[in-house]
Every structure is written in structure tokens, then in C-alpha cells.
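Chemist: Mind having a look at this structure? Questions to follow.
The values are calculated or read from the model by the stated rules, or taken from the named source; none is laboratory data. Given the structure is predicted, the values throughout are model-derived calculations rather than measurements. Note that each Cβ is placed from the backbone with ideal geometry, even for glycine, and that neighbours are counted across all protein chains shown. These accessible areas exclude ligands, DNA and RNA; they are computed on the full protein's heavy atoms, side chains included. Shrake-Rupley method; radii C 1.70, N 1.55, O 1.52, S 1.80 Å.
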Amino acid sequence: MLYVQDIKRLLRRRDGNFGITTALVLPILVGVAGLAVDTANLSLSQRQLQEATDASALAVSTALMKGTADETSGKTLGLDFLSGQVASIAGSTAAAAAKQAATVSITTTTTAAGKNFVVAVNASMPVTLSPLSALMAGNTKTVSAGSKTTSGSGTTKNGISIELLIDASTSMADDVNGLKCTLGLLGICLITPPGYYAKIDALKSAAGKLFDSLDKYDPTPRYVRSGAISYTSSIKGQSAMAWGTTGAREHVKNITIVGNSGTDATAAVKTANANIAQNSYGTDKESVEQAKKLNTTSDRIIVLMTDGDMTGDSSTWNSNLDQSVRNECTNAKAAGIKIYTVAFMAPDKGKALLKFCASTESNYYEPNTMDALTAAFSSIGEAATKTMSRLTN
């Protein structure tokens, strides 16, 4: 028989109670952990799918613009490209499902200046859930993404004088995630597993896309003059303005990162402005050089890139330096220079500065991955040469 004192003694014991409590609570804890993992996995998968549709739409848009695809082959290219991207992140089964469910639409319009293309890619793919989540929501959950690009090609050419301003401060040695092509077809990468690169190496690769666009526009060369300036808290080095892209390419290729160096783009923007600004008499150096090739008009362009705030030689944002760069950007724009800006994984104050410096909202880019950085520089090259292909959503 169980007496009152026995019941009291049982209630006072903690070993059995702990075991019972653990038995009751453990499934709940495991379930919560499983749901958290599934939520994070779904968010990551959706972002990866978005990047895949972005890349697919840009690939189709660029192929249409270059004339290497028409509407029929462009749709096939888009589906194949998307499948390759999804296979690298989620496996062949998910890739097949994504390709089956995906749609690629192409709208072409013809104007007196050339052709314009709108490409839309929409896709979805299944994501496998943990066993506990599967009890409530099924074995898989579908994530979706959609991307749209516009592109076009003009029929006239004019001169281009362009300065590329590259942040070479210490933070550019940090890592950034990116994709490295392991399987290509007809110049298009189909399989791109993820990897990590120093930001400066990602920048060098991306800048190459800008130079490639300029070279395609002007293979001779007779239209394009380019230069490059690398800077930290002051100008680190530069290549003089010259015909073609050889000198600027070489300068960017050989940029090295100096330890304990901060960021101030004031001198870089001021110097670029002085190098390429056009005076009212047409006697500035770029006007004279362009005239030698019978280019009566020429676009003046600055591409300003940074990954940080304006700190000078310190480690904290300096409002005076930030304003100084803004003043130089204002001067450059007043001189008729078109400014494109690239805030590469930059903090908020760096983003705000580059948004201000950009000539228009569409001239501002905010990439956070190597792929997005490459797409940004490709887009700038296409815009600079009047052959534009860019994401519109």
C-alpha cells in the first residue's frame, strides 16, 4: 500500500522527474530545431534559385543582343542554363524538376536604332524537408523565383573616354563567395559550383567583363580610350588614358592590397575628372585625341567602385571625407561626366555615398556576391557601349 509519506518522498525526488521531463520535452526541442533548419534551408534555396533565374535571364538576354540566339534557341538556352545552375546547388533531380516547371518568355521589338529584348524566366524547385516537418507539410516544399531583363543594341557608334576607379584598401583582401565554371558550352558556363575568392580577385575578374565589352564594341581600336586608378586613402597608382583597354587591364590585373590601408576616393574622383572632363573649347586632351580618329562626340564615363566607408587612414567613417567625395562627384557630373558606381558588399554609409555619386538610379549597383559583381560590370560595359542587358526586377 502507498502511504502519504511515500507519495511525498516520490515527489521530492528529482532523478525520475528529470527523466520524465526530458522524455516529454526532447521531441519538442528536436522538432523546433528541425523546423529552424528547414526554414533556413528554404530561405537559402529560394535565394539560390533567384540567382539561377537571374543568371539564366541575363544569359539569354546577352545571347539575343549579340545575335547568337533567336527567340526559339533563346528559350532552349534559358532552360538549359537554369537546369545547369540548379544542378550545381541542388542536384540533378531538382534540376530536372526545375527545368520541367520553368518558363522562358522573350519579347522582341524593333526600332530605328536597333532591337530591344525583354526576357522573363520563372522557375520553381522542390526542397526536401526533415522527417518531422514532413509529417506536417509533406516530404518537400516548393520554392519559386522569377527574373526579367531588358537588353538592346544600337546601330551608331561614338567615342568613349572611360576611367575605372578601384578600391584597393585592406578590406579588399577579404573573402567573397562566388561560382567557378567547371562545365561550359559554346562560351556559356553550365555548371558552376560555389567557392571563395578574395574580393580583389573577384573584382579583377569582373572588371575583365567591362573591358571585354569595350573591346567588342571597338576591336580596332578607334572609339574607346580607357584608364584605371587604384586608390586607398589616396591614389595608389594609375594607368594613363590610352586607346583600347590594354593599359587599364594591366593596371587592374597588377593591383595588390596593402595592409592597414583605409579608403578615401576624393583624389581618385578628382583626378579622373581632370583626366577626361571636356572643356567648352574642345581643347581638352580627350577631345583632341578623339578628334584624331574623327570622333566628333565622345561619352565621358567614370566607374567608381568601393567596398567600404570613407575612413581615410582611420578605421571609422569620416563625414568630412564622405562629403569631400560627394563634392568631387558633383563636380564631375556638372562637367558632363556620366558616373556609374559599384558598392561591393559595402556598409550603409558607403552605399549612400555611391547612390549619391551615380548619375542616375540605374547607374548604381549593389552586388554582394562575385556573380553579382560580374553581372554589374558586364551591365556597365553594355550600357557604356549602348548594348544594354540588365535585370529589371
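Chemist: Looking at (1) modelled with pLDDT under 90; (2) over 22 Å from the mean Cα position of the chain (by Cα), which one does residue 370 not meet, given that it meets all the others?
Modeler: Condition (2) is where residue 370 drops out.
Chemist: Among the residues of region 47-68 satisfying the criterion of being part of a helix (DSSP H, G or I) and surrounded by fewer than 16 Cβ atoms within 10 Å (Cβ to Cβ), which is modelled with the lowest pLDDT? Don't jump to the end; show me each part of the working.
Modeler: Of the residues in region 47-68, the ones part of a helix (DSSP H, G or I) are 47-66.
From what is left, the residues that are surrounded by fewer than 16 Cβ atoms within 10 Å (Cβ to Cβ) are 47, 66.
Details: 47: 86, 66: 73.
For region 47-68, the residue satisfying everything is 66.
Chemist: Between residues in region 212-238 that are assigned to a strand (DSSP E or B) and residues that are of a type in the set (Ser, Thr, Tyr), which pairs lie under 6 Å by C-beta distance while being six or more apart or on different chains?
Modeler: Every condition considered, the pairs that remain are 225/161; 226/245; 227/239; 228/239; 236/230; 237/230.
Chemist: While we're here: Considering only residues that are more than 17 Å from residue 265 (Cα to Cα) and surrounded by fewer than 19 Cβ atoms within 10 Å (Cβ to Cβ), look in region 347-367 and name the one that is farthest from the chain's Cα centre (by Cα).
Modeler: 360
Chemist: Next question, about the same structure. Looking at region 128-145, is at least one residue in a strand (DSSP E or B), at pLDDT 65 or above, among the polar types (S, T, N, Q) and open to solvent by less than 10 Å² (accessible area, probe 1.4 Å)? Give the steps one after another, and end with the answer.
Modeler: Kept after step one, since they are in a strand (DSSP E or B), are these residues of region 128-145: 128, 140-145.
Remaining after also requiring at pLDDT 65 or above: 128, 140-145.
Then drop every residue that is not among the polar types (S, T, N, Q), which leaves 128, 140, 142, 144.
Pick out the ones that are also open to solvent by less than 10 Å² (accessible area, probe 1.4 Å) and you get none.
So far as region 128-145 goes, no, none of its residues is in a strand (DSSP E or B), at pLDDT 65 or above, among the polar types (S, T, N, Q) and open to solvent by less than 10 Å² (accessible area, probe 1.4 Å).
Chemist: Hey, can you tell me all the residues within region 65-110 that are under 19 Å from residue 43 (Cα atoms) and under 22 Å from the mean Cα position of the chain (by Cα)?
Modeler: To start, the set of residues in region 65-110 that are under 19 Å from residue 43 (Cα atoms) comprises 82, 85-91, 94-95, 97-98.
Matches in region 65-110: 82, 85, 86, 87, 88, 89, 90.
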